[in-house]
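Contents: one structure, followed by commentary.
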Amino acid sequence: MPLVISSYPSISAATVEPARSTPSTTVSGEYTGVSTMVKKLNHNASERDRRQKINSLYSSLRSLLPADQMKKLSIPNTISRVVKYIPELQKQVEGLIRKREELLVRISKQEDQELHEEKQMKSTAGSSLSAVSTYRLNDREVAIQISTLKTHNNLLSEILLNLEEEGLQILNASSFESSGERVFYNLHLQVERSYRLECENLSEKLMSFYA
């Protein structure tokens, strides 16, 4: 059989070119590298901000300690001092609350005492400007003389009403005014049989209207 020689040129190793990467593959690789670097930079920046905030918070916490304890402390020492200092502050607050309550009670008692004394002074002043005299005329009749200021005129009707409720019936009444802003009342009353007449008690009762 005759030998057939092919007309195709032979392919040598020198003529084989290596495969080249396409432009899209190169761009994708570069983008991935840049993205990774950006993420790392962002992470580092976030971590740096976090540490700065923590340090700032610890500095603020350290500044709340007493002046003699505000020296530069490590974070564990700062936490330890604060944990011990908080109960001390709570005790101080409780003590101040107790003192405040005691002071309020003392002030309230003092105000009540001053108010009571003021009422007593007014009562004494009012009664000293008025006078009541009671005289027994007989077993069933009594005469009452009242001397008071004109400003107390409105009390007469209340006094008469109270006397009637006590069982005293008015028989006659007269009054006159002086130039010294005073008014005088003369009352003539009859006593019911069931009423036990005691002039001293009656005078004290009438004086209570002017207290």
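Values quoted throughout were computed directly from the atomic coordinates according to the rules given, and no laboratory measurement underlies them. Being a predicted model, the structure only gives us computed values, none of them experimental. Every residue, glycine among them, receives a Cβ derived from its backbone with ideal geometry; neighbour counts consider all protein chains shown.
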* Could you grab the relative contact order for the stretch 130-210? Cα pairs under 8 Å, six or more apart, rounded to a whole percent. => 37
* Rounded to the nearest 0.05, what FRET efficiency do residue 178 and residue 208 have when you use their Cβ-Cβ distance and R0 = 22 Å? -> 0.40
* **Cβ-defined net charge surrounding residue 86, 15 Å radius [Lys, Arg +1; Asp, Glu -1]** => +2
* Asked: Ranked highest first by average number of other Cβ atoms within 10 Å, how do 165-171, 183-189 line up?
  -> 183-189, 165-171
* At what distance in nm do the modelled label points of residue 97 and residue 186 sit from each other, each positioned 7 Å from its Cα along Cα→Cβ? -> 7.2
* To do: May I ask you to list the lysines whose Cα is less than 20 Å away from that of residue 72, ignoring any residue fewer than eight positions away on the same chain?
  => 53, 84
* Net length gained if the chain between residue 67 and residue 105 were fully extended (0.36 nm per residue, minus Cα distance) -> 10.2 nm
* Extension gain (nm, one decimal) between residue 165 and residue 117, 0.36 nm per residue minus Cα-Cα -> 14.0 nm
